[in-house]
Amino acid sequence: MTVKEAAPPSAAAPGVQRRGSGARVKARRGGRWWIPWLFLAPALILFLYFKFIPMAQAVSMSVQEVRPYLGNTWVGTANYSEILSSESFRSATWNTIVLAVGQTFGAMALGFTLALLVEGQTRKLSFIRSAAFLPVVVPMAVVAELWRIMYHPTSDGLMNQVIALAGLGPSGFINDPDTSLASIAVTGIWRGAPYDMMIFLAGLAGIDRGLYEAATVDGASTKQRILHVTLPGLRPVFAILFVLAAVRGFRSFTEVFLLTNGGPNGSTEVVMTLIYKLGLEQNRLGVGSAGAVLLFVATLVLTICVQLLRKGRSA
């Protein structure tokens with residue numbers, strides 16, 4: 001009768017040690033789960049106090065008649081009905097859509113062109129990229145004031161002198177109802193294109209260079225390489241930028257407020273400036289809050305639709 005030999009301690013020890021060390025690491029991580037939240041706490045508190053609480057208050061005020069010092073009264077959907085039936089809101093919505101579409105596609109097209117021109121690793125290109133990115137870091141109030149000066153309606157204005165080189169007459173730009181919205185769109189494109197350029201540069205860095213070499217060997221021209229290699233490789237970047245640029249366009253306020261304040265004759269009135277006037281100038285906070293909620297819902301729906309479309313194409 002034989003006795004089974006016991007397994008050597010060394011045969012079981014590694015597995016036991018691995019399980020023991022894993023358990024200890026898990027225990028340590030489980031005991032310190034609060035450390036990441038501790039670092040995030042200051043930012044979360046600021047977001048809660050200055051963003052999420054005001055958003056909840058806006059939703060609450062949108063169904064009330066806001067009467068400071070007298071107490072709010074419940075009105076249900078009356079504020080929404082009033083603002084949706086308002087001709088000024090419909091006009092502002094149309095101007096917002098036109099401005100958002102123009103700024104979105106204009107900034108993306110210009111940003112993509114700039115990214116192709118400044119792509120590379122040389123020091124000169126690094127300086128050019130930094131210089132091109134300056135409009136993004138300049139405060140919007142400064143940008144608006146600079147463009148307001150350049151849009152001076154007389155023939156001595158800078159932009160009028162530029163278009164005079166092409167044989168065009170002086171324009172009123174932001175002072176003309178026919179050109180004011182387009183002038184604001186140009187300002188937004190000028191400021192937003194460098195931001196899109198940097199994201200395009202990051203996307204271009206992720207495209208396999210072997211694809212360009214293979215296309216060159218096959219005799220593809222520069223235009224064909226852009227159409228069949230660059231653009232397909234940047235498809236996810238285009239989706240992200242479209243959402244960011246569209247949200248930026250829907251929330252246009254500072255440039256409109258400083259350049260025209262919705263004028264002349266309401267030709268540049270957008271939803272954000274209309275909400276500002278309803279809430280802070282006319283003291284109709286309930287109606288203004290309803291407009292803000294509608295703008296938020298429209299932005300949310302646009303974002304969800306783009307994400308669903310993106311997933312449908314990738315599937």
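Out of everything in segment 96-132 that is over 22 Å from V256 (Cβ atoms) and either β-branched (V, I, T) or outside the structural domain of L204 (by TED's automatic domain parsing) (or both), what residue ends up being surrounded by the most Cβ atoms within 10 Å (Cβ to Cβ)?
Taking the candidates together, the pick is V118.
Mind counting the residues in segment 242-282 that are in a loop (DSSP other than H, G, I, E, B) and not aliphatic (A, V, I, L, M)? Even if it seems obvious, please write down each step before you answer.
Initially, segment 242-282 is screened for residues in a loop (DSSP other than H, G, I, E, B), giving 251-253, 260-270, 282.
Filter once more, so that each one left must be not aliphatic (A, V, I, L, M): 251-253, 260-269, 282.
Here the count works out to 14.
How do the pairs read when you match residues in segment 300-315 that are modelled with pLDDT under 80 with residues anywhere that are surrounded by 10 or more Cβ atoms within 10 Å (Cβ to Cβ), using Cβ under 7 Å and keeping only pairs 6 or more apart or on different chains?
V306/A239; V306/F242; V306/V243; R310/A239
Tell me, please, whether a residue that is of a type in the set (S, T, N, Q) and touching a Ser or Thr at 6+ places or on another chain (Cβ under 9 Å) can be found in segment 148-165. Please lay out each step first, then the result.
Taking segment 148-165 first, the residues of a type in the set (S, T, N, Q) are 154-155, 160-161.
Cutting the leftovers down to touching a Ser or Thr at 6+ places or on another chain (Cβ under 9 Å) gives us 160-161.
Checked segment 148-165: at least one residue is of a type in the set (S, T, N, Q) and touching a Ser or Thr at 6+ places or on another chain (Cβ under 9 Å).
Condition first: at pLDDT below 90, surrounded by 18 or more Cβ atoms within 10 Å (Cβ to Cβ), charged (D, E, K, R) and closer than 18 Å to S91 by Cβ. Can you find one or more residues in segment 264-284 that meet it?
yes
Take the residues in segment 227-263 that are among the small types (G, A, S), at pLDDT 85 or above and on the phi < 0 side of the Ramachandran plot; name whichever of them is least open to solvent (accessible area, probe 1.4 Å).
Top of the filtered list is S252.
I'm trying to understand the selection: among the residues of segment 139-165, which are part of a loop (DSSP other than H, G, I, E, B) and of a type outside the set (S, T, Y)?
P139, H152, P153, D156, G157, L165
One residue is enough: does segment 63-83 have a residue meeting the conditions modelled with pLDDT of 90 or more, within 37 Å of the chain's Cα centre (by Cα), assigned to a loop (DSSP other than H, G, I, E, B) and surrounded by 10 or more Cβ atoms within 10 Å (Cβ to Cβ)?
yes
Residues that are in contact with a His (Cβ under 9 Å, 6 or more places away or on another chain) and either within 24 Å of F105 (Cα to Cα) or modelled with pLDDT of 90 or more (or both): does segment 140-159 have at least one?
Looking for residues that are in contact with a His (Cβ under 9 Å, 6 or more places away or on another chain) and either within 24 Å of F105 (Cα to Cα) or modelled with pLDDT of 90 or more (or both), one finds at least one in segment 140-159, hence yes.
Output the residues belonging to segment 138-148 that are among the aliphatic types (A, V, I, L, M), over 15 Å from A193 (Cβ atoms) and open to solvent by less than 80 Å² (accessible area, probe 1.4 Å).
Within segment 138-148, A141, V142, A144 qualify.
For F47, work out the one condition from (1) aromatic (F, W, Y); (2) assigned to a helix (DSSP H, G or I); (3) more than 20 Å from the chain's Cα centre (by Cα) it doesn't fulfil.
(3)
Checking K124 against (1) touching a Lys or Arg at 6+ places or on another chain (Cβ under 9 Å); (2) over 13 Å from M198 (Cβ atoms), which test does it fail?
Failing condition for K124: (1).
Six or more apart or on different chains, Cβ atoms under 6 Å: show the pairs whose first residue is in segment 139-152 and farther than 10 Å from R191 by Cβ and whose second is hydrophobic (A, V, I, L, M, F, W, C) and surrounded by fewer than 17 Cβ atoms within 10 Å (Cβ to Cβ).
M150/L158
Can you report the number of residues in segment 149-160 which are open to solvent by 70 Å² or more (accessible area, probe 1.4 Å) and among the β-branched types (V, I, T)? Walk me through how you get there before you give the answer.
The first filter runs over segment 149-160 and keeps only residues open to solvent by 70 Å² or more (accessible area, probe 1.4 Å), leaving 149, 152, 155-156, 158.
Next, only the ones that are among the β-branched types (V, I, T) stay: 149.
So the answer is 1.
When you scan segment 296-314, do you find a residue that is buried (at least 18 other Cβ atoms within 10 Å of the Cβ) and in the same structural domain as I184 (by TED's automatic domain parsing), even just one?
Taking every residue of segment 296-314 in turn, none turns out to be buried (at least 18 other Cβ atoms within 10 Å of the Cβ) and in the same structural domain as I184 (by TED's automatic domain parsing).
Do you know which of the residues in segment 175-213 that are not small (G, A, S) and not in a helix (DSSP H, G or I) is least open to solvent (accessible area, probe 1.4 Å)?
I207
If only one of P170, P135 is over 24 Å from G192 (Cα atoms) and either crowded, with 16+ Cβ neighbours inside 10 Å or of a type in the set (D, E) (or both), which one is it?
P170
The values are calculated or read from the model by the stated rules, or taken from the named source; none is laboratory data. Quick caveat, the model's predicted, so the values are computed rather than measured. All Cβ positions, glycine included, derive from the backbone under ideal geometry; neighbour counts span all protein chains shown. For the accessible areas, the whole protein counts, side chains as well, though only heavy atoms, and no ligand, DNA or RNA atoms are used. Shrake-Rupley method; radii C 1.70, N 1.55, O 1.52, S 1.80 Å.
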